[in-house]
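Working notes, structure below.
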Amino acid sequence: MRKFVFLLVICTYSFCAFSQDKVYDNPDQVAEFPGGRKVLEKFIDENLVYPREAMDSGYQGKAIVGFLICEDGTCQNFKMRNGIADCPSCDRAIINVLRTMSKWKPALVSGKAVASNYNLMVTFKAREIPIQKELVEEELEVFADPETPADFPGGQIALRQFINDNMIYPADALKKEISGKCYVRFIVGKDGVCRDFKVVKGIPDCPQCDEEAIRLLKSMPKWNPGLLLDTPIDMTYSIPVVFKLP
């Protein structure tokens, strides 16, 4: 079983479908994610849901995503410029996490905020890590990569907020100053009900953290189910639950 780490390379060459007097390719000062590149890397690392296909097959490669950063810092019009070969689910996972980004610091021209094009390169690099055995048995009616993935009501931002609002940090973990990520896989049923929660990679020396991640996710409301040919289906889903010391 494999996990992926990534490197980010910012590309300033743009692909623009908008008029040049409104959207800039080469502003005086390029747009910036709040906190800079390292914070952006951390954001993606903590929120990217790795496709099961990619984890099982060890897909590697580079994906370039182009998008528009508006004058107010909002990001829109995400397009995959160069995807990861033979892994369309990887491309979709990247687009999905970038759509949840907070507002950027917009580009500047003559000191004035302007709309600009931006390209981001994400490099998936596989490395071996110890991980527990497969937890969801392959069944014909359970899909790992439907046409439309299941979605928490309100999207990824609402899901993160739900986790932050409802997590009960284990007392023993606080005392020992334990933090980290617990990766949980589960099935989102065709009725939107989530079931069969299993930890696929827990936090070392903190079984209480793993238990809290399961408890927390079991309390989620119904999801919007995945769709295949516009028909609701059962699908597998993985989430990293982040335990961060206050």
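What follows is calculated from the coordinates using simple rules that are stated; it is not laboratory data. Note that this is a predicted model, so its numbers are computed, not measured. Here Cβ is always computed from backbone atoms with ideal geometry, including for glycine, and neighbour counts include all displayed protein chains.
A few comments on the model shown:
- In this structure, the amide hydrogen of Thr148, modeled 1.01 Å from its nitrogen in the peptide plane, lies closer than 5 angstrom to those of Leu227, counting only residues at least 5 positions away or on a different chain.
- Per-pair calculated FRET efficiency, R0 = 30 Å: Arg195 and Leu229 via Cβ, rounded to 0.05: 0.85
- Stretch gain in nm, segment Asn26-Ile157, where the contour uses 0.36 nm per residue and the Cα spacing is subtracted: 44.1 nm
- Backbone N atoms of segment 230-246 closer than 16 Å to the 7 Å Cα→Cβ label point of Ser219 belong to residues 241-244.
- Along its principal axes, segment 142-243 has C-alpha extents of 50, 23, 16 angstrom, given from the largest down.
- Built amide H within the under 5 Å cut-off of Ile84, gap 5+: Asp91
- Rounded Å value of the spacing that divides the Cα centres of segment 194-246 and segment 148-164: 11 Å
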